[in-house]
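Values quoted throughout were computed directly from the atomic coordinates according to the rules given, and no laboratory measurement underlies them. If you're wondering where the values come from, they're calculated on a predicted model, not measured in any experiment. Note that we place each Cβ from the backbone using ideal geometry, even for glycine, and neighbour counts take in every protein chain shown.
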Amino acid sequence: MSDPVDEVMTLRRGVVRVQQAGAGAPLLFLHGAGGRNWTPLHKALAKSYRVIAPEHPGFGGSPIPPWMNSVGDLAMFYLDLIEHMGLTGVHLAGHSLGGWTAGEIAIRNTSRLASLSLLAPAGVAVEEAPFGDIFLWSTEQATRAQFFNQSLAEKRLAAGGDADAALHNKRTVAHLAWSPRLSNPQLPFWLHRIDRPTLFVWGREDRIVPLACAKAWMDGVSHGKLAVIEDCGHAIHNEKPDEAAAHMLTFLAGAKG
């Protein structure tokens with residue numbers, strides 16, 4: 001499979017960088033708080049689908065747009081992107097912050113969607129299982145919390161990264177989700193509006209968005225299905241990409257556009 005192609009698109013509310021690879025029905029994948037990257041899960045999905053992976057406004061060094069003050073604003077931006085690209089029958093997927101954004105998209109408008117795949121989505125908080133406070137952790141603490149397998153955390157820490165870009169991404173997430181932390185208290189009231197097949201994928205050992213949050217989502221999305229991956233933390237797309245892909249591909253094969 002070829003490497004993803006990078007493109008800059010101009011929308012009503014600014015520009016967005018988009019990576020694409022694969023062919024077939026469109027699969028729009030929204031990234032989490034750490035920023036955009038082309039993961040093993042993307043590669044696996046692109047063998048069967050046209051995977052479209054945008055970078056959220058305010059990430060990757062781009063300035064936070066003046067119109068973007070909530071994840072709901074980000075959801076509206078992506079509805080514009082879907083329309084701009086002329087996409088229909090979209091399989092919408094997202095991890096963490098991206099999963100939350102996908103949920104916000106779907107409560108607004110599902111007319112161009114075929115399905116949702118939400119990987120450990122933030123957005124819906126439960127008192128008995130609070131989110132990990134990513135804003136207070138050090139880089140090492142945050143990295144270790146991503147993984148059940150700490151050897152993967154060690155590799156990530158040894159590889160380092162762009163500290164300035166990571167700080168900028170963190171600032172954008174704080175702008176969107178500082179208070180209340182990583183959630184929208186109104187979202188649970190509108191989850192019943194999600195009328196497309198929905199899959200939730202969670203790592204059993206998630207220390208950032210605990211598995212207990214799945215029930216709160218599924219109480220609203222009554223037709224949702226849950227796939228739990230054992231010995232896996234929050235970074236599902238990097239820690240257990242093959243298992244995540246298997247769950248998603250089986251689910252997507254039965255989801256009609």
>> From Cα pairs below 8 angstrom and at least 6 apart in sequence, can you work out the relative contact order of the chain, rounded to a whole percent?
In response: 21
> Per q in 0.19, 0.20, 0.25, 0.26 1/Å, what log10 I(q)/I(0) does a Debye calculation on the alpha-carbon atoms of the range 1-92 return?
Replying inline: -0.89, -0.98, -1.45, -1.53
> Under DSSP H, which helices of the chain have Cα atoms covering 15 Å or more of the helix axis and a Kyte-Doolittle average no less than 0.0?
Replying inline: 71-84, 97-108, 241-253
>> Among K240, K170, K155, which one shows the highest mean-square fluctuation when the chain is modelled as a Gaussian network with alpha-carbon springs under 10 Å?
In response: K155
> With each label point set 7 Å from Cα along the Cα-Cβ vector, what nm distance links A165 and R12?
Replying inline: 3.1
> Mean residue ellipticity at 222 nm from the helices of the chain, using -39,500 (n - 2.57) per DSSP H segment of n ≥ 4 over the full residue count, to the nearest 500 deg cm²/dmol?
Replying inline: -10500 deg cm²/dmol
> Taking a temperature of 20 °C and a viscosity of 1.002 mPa s, what whole-number D in µm²/s does Stokes-Einstein yield for the chain with Rh from Kirkwood over alpha carbon pairs?
Replying inline: 119
> What is the Cα radius of gyration of the range 111-243 over 2.2 N^0.38 Å, N being its residue count?
Replying inline: 1.10
> What residue among P210, P66, P241 has the largest mean-square fluctuation in a Gaussian network model of the chain, using Cα springs under 10 Å?
Replying inline: P66
> What residue among A23, A44, A53 shows peak mean-square fluctuation when the chain is described by a Gaussian network model with Cα springs under 10 Å?
Replying inline: A23
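Which percent, to the nearest 5, of DSSP beta bridges fully inside the chain are antiparallel?
Antiparallel bridges make up about 30 percent of those DSSP assigns within the chain.
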>> 5 Å is the cut-off here: which amide hydrogens, built 1.01 Å from N in the peptide plane, fall below it relative to F200, excluding neighbours closer than 5 in sequence?
In response: L118, K225, L226, A227
> When the C-alpha atoms of the range 179-221 are aligned to their principal axes, what extent does each axis show, in angstrom, from largest down?
Replying inline: 29, 27, 12
